[in-house]
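Below: one structure, written as structure tokens.
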Amino acid sequence: MRHLLTTEGMARAEIESYLDDADEFVDVLARPIPKVPALRGKTVATLFFEPSTRTKMSFDKAAKALSADTVSFSPGTSSLKKGESLKDTVLTIEAMGLDLIVVRHEATGAPWRVAAWASVPVVNGGDGAHQHPTQALLDSLTLRRRFGGRRGGLDGLRIGIVGDIRHSRVARSDIHAFTALGADVTLVAPPTLLPLDTTGWPVVTAGTLDDVLPELDAVYVLRVQAERGGASVFPSFAEYRSRFGMTADRLRRLKPDAVVMHPGPMIRGVEIDAAVADDPRCLVLDQVANGVAVRMAVLFQLLGGTRGDASRPVERPAERVLVGGEQ
Ligand code: CP
């Protein structure tokens, strides 16, 4: 059985295979009826123990666009409140009959535990500060469509990942995906927001954004994760913004075709100025849109969808012919 838990160790061919399928699903999503019958009869469960807007809703939309059913678990109104364990929660939900679990959890490694207990494929929707593989795939798709077209990797692209890298599962997943696809990655952060040890990471580091800005093709801005302690390790948000914020002035100093990305949620006025967030060179909403197509590709591959059904329109219900006085 195949899971998607991490981008660490993923081969370039596997990443490209997800991106190639996602490209096809971008076309499906642009149709007047953005739906194919590829996963009819399957059920996808979303178990989100941490808040989410983008990941949870886009998995839901992706499943429905493939004609799968969805069930959703809300921890705040569940029997977790009565003391039920994660294991019993997973086994209980699985016993209702489902085909794939997407799990987000604040504890690093929780999706691996869920995968050990469950008998269906598991997708990591984000675990602690560890991994967020579908975010890395959607970011890679966004960069490839912007710079490379519809095939291949990100060879030669220079990407700066800026900000709270220490607490970022997005950074950890992106680093592996971007470099597997041939990009060069520079981490830009104050020492207190870098991991204690980056030995073995396929990156270089820079202490100031202004030093590397003119060389970058993409500036990937991260949110300061106050909920994980990220805001307590520098003097003030104003000081952080002055050194690491993606300001309107820094946008002007980028290469003309360079882009700005952000996984969301953005904190305008801290790591990114409103003028940058709303600029056409900021791809944040392209990332969100591509997230649906990428998650369709992931569900399709892990659930073994039929190729022919991945592009075939869903059948419209036959028009009812009224006969002999029937109302
Ligand atoms: N980027 C991301 O994971 O956003 P959500 O927390 O809204 O899912």
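The values are calculated or read from the model by the stated rules, or taken from the named source; none is laboratory data. Only a predicted model underlies this, so the values are computations on that prediction, with no experimental measurement involved. Cβ placement follows ideal geometry from the backbone for every residue including glycine, while neighbour counts extend to all protein chains displayed. Accessible surface areas use protein heavy atoms only, side chains included; no ligands, DNA or RNA. Shrake-Rupley method; radii C 1.70, N 1.55, O 1.52, S 1.80 Å.
In the condition set (1) farther than 22 Å from R172 by Cα; (2) touching a residue at least 40 places away in the same chain (Cβ under 8 Å), G149 is compliant with all but (2). Residues in region 265-293 that are touching a residue at least 60 places away in the same chain (Cβ under 8 Å), open to solvent by 20 Å² or more (accessible area, probe 1.4 Å) and not in a helix (DSSP H, G or I): 1 in all. Just to be sure before I move on: is L91 aliphatic (A, V, I, L, M), open to solvent by less than 30 Å² (accessible area, probe 1.4 Å) and away from the ligand (no atom under 16 Å from the Cβ) in the structure I sent? So L91 does not fit the description; no. When region 185-204 is filtered for residues that are touching a residue at least 12 places away in the same chain (Cβ under 8 Å), loosely packed, with under 15 Cβ neighbours inside 10 Å and among the hydroxyl-bearing types (S, T, Y), only T192 remains. Within region 236-257, if we keep just the residues that are modelled with pLDDT of 90 or more and in contact with a Pro (Cβ under 9 Å, 6 or more places away or on another chain), the residue that is nearest to the ligand (Cβ to nearest atom) turns out to be F244. Hey, does region 30-48 have a residue that's within 15 Å of the ligand (Cβ to nearest atom) and not aliphatic (A, V, I, L, M)? Yes. The test for being of a type outside the set (V, I, T), more than 26 Å from E50 (Cα to Cα) and not assigned by TED's automatic domain parsing to the domain that holds R169 holds for G304.
Residues in region 137-159 include at least one that is more than 16 Å from the ligand (Cβ to nearest atom), within 30 Å of E106 (Cβ to Cβ) and either open to solvent by less than 20 Å² (accessible area, probe 1.4 Å) or in the same structural domain as E227 (by TED's automatic domain parsing) (or both). Working only within region 173-184, note down all residues that are surrounded by fewer than 23 Cβ atoms within 10 Å (Cβ to Cβ) and within 18 Å of H130 (Cα to Cα). Hits for region 173-184 are H176, T179.
Check V314, V233, V321, V224 and return the single one that is of a type in the set (A, V, I, L, M), modelled with pLDDT under 90 and open to solvent by 80 Å² or more (accessible area, probe 1.4 Å).
Details: V314 fails: open to solvent by 80 Å² or more (accessible area, probe 1.4 Å); V233 fails: open to solvent by 80 Å² or more (accessible area, probe 1.4 Å); V224 fails: open to solvent by 80 Å² or more (accessible area, probe 1.4 Å).
Checking each option against the conditions leaves just V321.
Only helices (runs of 4 or more DSSP H) wholly contained in region 25-121 count here; list those with 3 or more residues that are β-branched (V, I, T) and either in contact with a Ser or Thr (Cβ under 6 Å, 6 or more places away or on another chain) or more than 25 Å from S311 (Cβ to Cβ) (or both).
Hits in region 25-121: 86-95.
If you go through region 47-79 and keep only what is touching a Phe, Trp or Tyr at 6+ places or on another chain (Cβ under 6 Å) and either open to solvent by 10 Å² or more (accessible area, probe 1.4 Å) or acidic (D, E) (or both), you end up with K56, P75. For region 74-86, indicate whether the set of residues that are under 22 Å from M1 (Cα atoms) and touching a helix residue (DSSP H, G or I) at 6+ places or on another chain (Cβ under 6 Å) is non-empty. No, the conditions are met nowhere in region 74-86. Screening the candidates R54, R12 for the property of being closer than 21 Å to L141 by Cα, within 16 Å of the ligand (Cβ to nearest atom), among the basic types (K, R) and modelled with pLDDT of 95 or more yields one hit, R54. Of the residues making up region 170-197, those that are touching a helix residue (DSSP H, G or I) at 6+ places or on another chain (Cβ under 8 Å) and not in a strand (DSSP E or B) number 14. Filtered by the rule that a residue be surrounded by 18 or more Cβ atoms within 10 Å (Cβ to Cβ) and not polar (S, T, N, Q), region 4-23 gives L4, L5, M10, I15, Y18, L19, D21, A22, D23.
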